[in-house]
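So the structure is just underneath, and the comments pick up after that.
The values are calculated or read from the model by the stated rules, or taken from the named source; none is laboratory data. Remember, it's a predicted structure, so these values are computed and weren't measured experimentally. Cβ atoms come from the backbone with ideal geometry, glycine included; neighbour counts cover every protein chain shown.
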Amino acid sequence: MTAFPKNTDVFVVGGGPAGLAAAIAVRLKGFDVVVADVRQPPIDKPCGEGLMPDSLEALRRLGVTLDDVEQSFPFRGIRFYGSGVSVAAVFPEGPAVGIRRTRLHEILIQRAQEAGVSMLWGTRVKGVQGETVLLDGAAVQSRWVIGADGQNSRVRRWADLDAAGHDSARYGFRRHYRVAPWTDHMEIYWGSGCQMYVTPVSSREVCAAVISRDSHLRFDNALPQFSELDSRLAQASAFTVEQGSVSASRRLRRVFRDQTVLIGDASGSVDAITGEGLSLSFHQALALADALVSEDLPAYETEHRRLMKRPAFMAGLMLSLDRFPWLRPAALHAMAFQPAIFEKLLAVHVGPPAAVPAVS
């Protein structure tokens, strides 16, 4: 039978990467931290499985490095394919890393354990009432409660923080193939009404995903649009089943109320095509830890908005190629003709969290 603590400084609801990052960051500031999740690790989620260079910088500040991790793969940049052309650019500050979501989760759990975080797996949180977290058969008193329970956050609902200034959704489906990566870039293929992207996640595996506004579009329906990719994957073996998830673009009006505060997808999100979801979570965790030290959650909310600006800007820019099909050929051909344009856009994309170019 699980022994529940009677009290703690910080209680984190949700043990995915965002919740674990928050727990680690807060624990490193000296707080007692408990994490609870109804699921058992390792926890998976359909996503592109690429960690951009800014993600890796934030992870290093949490004491997590992926330089020599088995079952991972460094990649140097991003390549766009579409309208008969391709254009590529490398990251200006070093490589990104492709890694299976389950492997990343194991690494974050190990780091949290090293830091002294208490973890309650298979534990359902039934509610939050002020400073009391209600569990199955127990109650824990906590000075702060962090909601890290994803896009459909119950903590957000309990704290009456669901009001959004912007909310839209697309749909993604992911599959893994056993094949040696054929490139040291993440590839994004632009097609009619969808994008497919491929991330190398080990020396023998790639992650392939499709994302669109059509909830009925599946991987095998979209793949024939991209003949070169279709040909490559036809020679590989799929070893995971197709899994899907919603890619939400959501900006909340507020991310805290009283002693309850949100992080990760529970606190708002950007479209998955940016690859910035985890980076946002890790940077938010660092900002939240500072805010708890100073007991200044309004400062966290301000920093949260600042962190969201660049990914939201880049998501809007990239998705204009999806929203306006007539624009895509001209944009891709222009970048192929002048690769420096793409290089500058990529530098902004993976630059400092608040780096947003001025828009006249």
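Here are a few things to note about the model shown:
- Enumeration of residues in the range 275-308 that are among the hydroxyl-bearing types (Ser, Thr, Tyr) and either closer than 17 Å to GLY147 by Cα or under 19 Å from the mean Cα position of the chain (by Cα) (or both): SER279, SER281, TYR300
- Every residue from the range 135-179 that is among the aliphatic types (A, V, I, L, M) and either over 21 Å from ASP271 (Cα atoms) or in contact with a helix residue (DSSP H, G or I) (Cβ under 9 Å, 6 or more places away or on another chain) (or both): LEU135, ALA138, ALA139, VAL140, VAL145, ILE146, ALA148, VAL155, ALA159, LEU161, VAL179
- A Cβ distance below 6 Å, combined with a sequence gap of six or more or placement on separate chains, defines the contacts here; from the range 82-103, residues that are among the acidic types (Asp, Glu) reach residues that are modelled with pLDDT under 95 in the pairs GLU93/PRO53.
- Residue that is farthest from the chain's Cα centre (by Cα), among those in the range 25-69 that are within 23 Å of GLY147 (Cβ to Cβ) and in a helix (DSSP H, G or I): ARG27
- The condition (being at pLDDT below 95, outside any helix (DSSP H, G or I) and of a type outside the set (A, V, I, L, M, F, W, C)) is satisfied by just one residue among ASP220, ASP322, ASP214: ASP214.
- Residue within the range 300-317 that is closer than 20 Å to LYS29 by Cα, of a type in the set (D, E, K, R) and in contact with a helix residue (DSSP H, G or I) (Cβ under 6 Å, 6 or more places away or on another chain) present: yes
- Residues in the range 208-224 that are under 15 Å from GLY275 (Cβ atoms) and small (Gly, Ala, Ser) were compared, and the one that is nearest to the chain's Cα centre (by Cα) is ALA209.
The rows are residues; the columns are (1) in a loop (DSSP other than H, G, I, E, B); (2) buried (at least 22 other Cβ atoms within 10 Å of the Cβ).
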position: VAL97; (1), (2): no, yes
position: THR102; (1), (2): no, no
position: HIS105; (1), (2): no, no
position: LEU108; (1), (2): no, yes
position: GLN113; (1), (2): no, no
position: ARG143; (1), (2): no, no
position: ASN152; (1), (2): yes, no
position: ARG157; (1), (2): no, no
position: ASP160; (1), (2): yes, no
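- Residues satisfying the stated conditions in the range 175-193, i.e. farther than 15 Å from ASP230 by Cα, outside any loop (DSSP other than H, G, I, E, B) and not aliphatic (A, V, I, L, M): HIS185
- In the range 82-95, the qualifying residues are those that are within 24 Å of SER203 (Cβ to Cβ) and either of a type in the set (Val, Ile, Thr) or out of contact with any Lys or Arg (no Cβ under 7 Å at 6 or more places or on another chain) (or both), and the one that is surrounded by the most Cβ atoms within 10 Å (Cβ to Cβ) is ALA89.
- Restricting the range 304-343 to residues that are touching a residue at least 24 places away in the same chain (Cβ under 8 Å) and among the charged types (D, E, K, R), the residue that is surrounded by the most Cβ atoms within 10 Å (Cβ to Cβ): ARG310
- Looking only at the range 270-299, and only at residues there that are out of contact with any helix residue (DSSP H, G or I) (no Cβ under 8 Å at 6 or more places or on another chain) and at pLDDT below 90, the one that is nearest to THR199 (Cα to Cα): GLY275
- The range 190-207: number of residues that are under 20 Å from the mean Cα position of the chain (by Cα) and more than 14 Å from SER72 (Cβ to Cβ): 5
- When VAL255 is tested against (1) closer than 21 Å to LEU62 by Cβ; (2) under 12 Å from the mean Cα position of the chain (by Cα); (3) hydrophobic (A, V, I, L, M, F, W, C), just one condition goes unmet, and that condition is (2).
- Test: residue in the range 62-81 that is closer than 14 Å to LEU288 by Cβ, at pLDDT 95 or above and surrounded by 16 or more Cβ atoms within 10 Å (Cβ to Cβ): yes
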